[in-house]
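For reference, the structure is listed below as structure tokens.
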Amino acid sequence: MPELVFDTIEEFIFAPFNTFIYLDTDEILFRGLRQQQWKLVEELNKEHILEDIPEFSIKWGLEDSSEFKLSKGVFTPPGTDNSFVVAELIYTDTDECCHPIWEQVSEKFSIDKLIFKDVRFYFTDVGVATCSVRVEMEDEDGITILELEEASERLNVLFKEYFEEFSFKLAKKYIECINRLDIPYHRFSFLPDIEEVDRGTHFIPWTHRIYHIPADRMFDMENPGEHFRTLLTPSSKMDIEDLSIYDNRYVYFGWGHSIIFTSSEEDGYSQTSRPVYDYVRLVEIAQAKWQFLDVLKDVIKYALSSFNRHYEHMELDDIQEAIAEVRSFTNGINRILADYRGIKITFDTEKRILLRELHSRWLTDNLLDGLVEDLKSIEELLDQLYQRQKEQREESLNTIALLFTIVGIIEIIALVIEIFNPVFEINPFVELGLIGLGTISMAIIISLYLRYASRG
């Protein structure tokens, strides 16, 4: 079979980065979702975030999914299931949402031939944001699969180099404005500070790439995705399987790479003529939720380790404070997970099936089950803290009882000495010694009794 070549290929690259800001969606909905969103957008647009990078500016706004929702008969405004706010990177020379590529990408694509378009940063309510770009590749001689892979690998490296710093700056400003405006969110002492975390780990740690290839001739093949097996890096043979339910497209999901083929033939139906970016946005949202669970798992394990390490040496006041903190933490995490389980993304049937397929392949349910188990461990720790609090109170009561007993013993010894004093003249120093010896002896006896009694 002759080598496949394509005139046009679109590549979508996106990656998560962490903000560790888990918004209190119940309180936000009570205050008014749109009011809180626009208040934040207006504040963010006042800020000069990129003063040290004059070639670019940032424009903040809200993600608009109303057109797509209306096409499905949904008339409610978009919720936080997509994003809370979104930032666009504006190149000042052209006033467009893009970032020029100033390096040579490959032999096929020289300097300035390609450009990162539609550079957006989606901030969700679950502590994760997504950096997303699009690249159009065109060549009169055609682009082979090998040439696509070479260009894609270089673009992937440049994506990390260009947008890691932007992601950090935007996340930092987002957090500052959230705090300044008192936008409600869950405050946990165990959450990392983005100033202190490893930037390579928490800002664009990995990417997902989706290749969109418009090519009618691919629809004459039984399974065109087979030709892209090496590009898809499948996790299993099942990955080379078309997941679309419509005849005018093929959809393949791989591990970090996905491919969508579209046909120029249109049947006029709204669901089969939606733009390809609907698929891209679906995967972006799904991966943001996956990243949220993965990060939350680490946060919970750190919290559990911190509690286990310190609670045995706490005083009563510290234990009471720890109990309140653990209870607040578990309640907050459970509310966040309840919001996660209640996510309702307004996509058509095909994309809902794809979403289930993604979660199945990424073992999202396993992550969620692990989080639930970790929360149970924290509940067990809470029981231990209650027991420790009880023991501390008993120890305090025993100490008080011991003091009262010692005072009583001193009074009794003094009374006995006073009774015998007329009969036997007792030296004051001897009298003092008898009182001290009797008090110490009785204190030791009581202490030993309380210790062995507490052991059962």
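Could you list, in sequence order, all residues of the range 157-183 that are free of Cβ contacts under 8 Å to residues at least 40 places away in the same chain and aliphatic (A, V, I, L, M)?
The one that is free of Cβ contacts under 8 Å to residues at least 40 places away in the same chain and aliphatic (A, V, I, L, M): V157.
May I ask you to say which residue of E88, E3 is closer than 28 Å to I260 by Cα and modelled with pLDDT of 90 or more?
Just one listed residue meets the conditions, E88.
Hey, can you tell me all the residues within the range 110-123 that are touching a Phe, Trp or Tyr at 6+ places or on another chain (Cβ under 8 Å) and either not assigned by TED's automatic domain parsing to the domain that holds D193 or not in a strand (DSSP E or B) (or both)?
If the condition is that a residue be touching a Phe, Trp or Tyr at 6+ places or on another chain (Cβ under 8 Å) and either not assigned by TED's automatic domain parsing to the domain that holds D193 or not in a strand (DSSP E or B) (or both), then I111, D112 are the ones that fit.
Going by the conditions given, is E325 at pLDDT 75 or above, in a helix (DSSP H, G or I) and not assigned by TED's automatic domain parsing to the domain that holds E153?
It is false that E325 is at pLDDT 75 or above, in a helix (DSSP H, G or I) and not assigned by TED's automatic domain parsing to the domain that holds E153.
Any residue in the range 124-146 that is touching a Cys at 6+ places or on another chain (Cβ under 6 Å), closer than 30 Å to P184 by Cβ and part of a strand (DSSP E or B)?
For the range 124-146, residues touching a Cys at 6+ places or on another chain (Cβ under 6 Å), closer than 30 Å to P184 by Cβ and part of a strand (DSSP E or B): absent.
The values are calculated or read from the model by the stated rules, or taken from the named source; none is laboratory data. All figures in this text were calculated on a predicted structure; none of them were measured in a lab. All Cβ positions, even for glycine, are placed from backbone atoms using ideal geometry, and neighbour counts span all protein chains on display.
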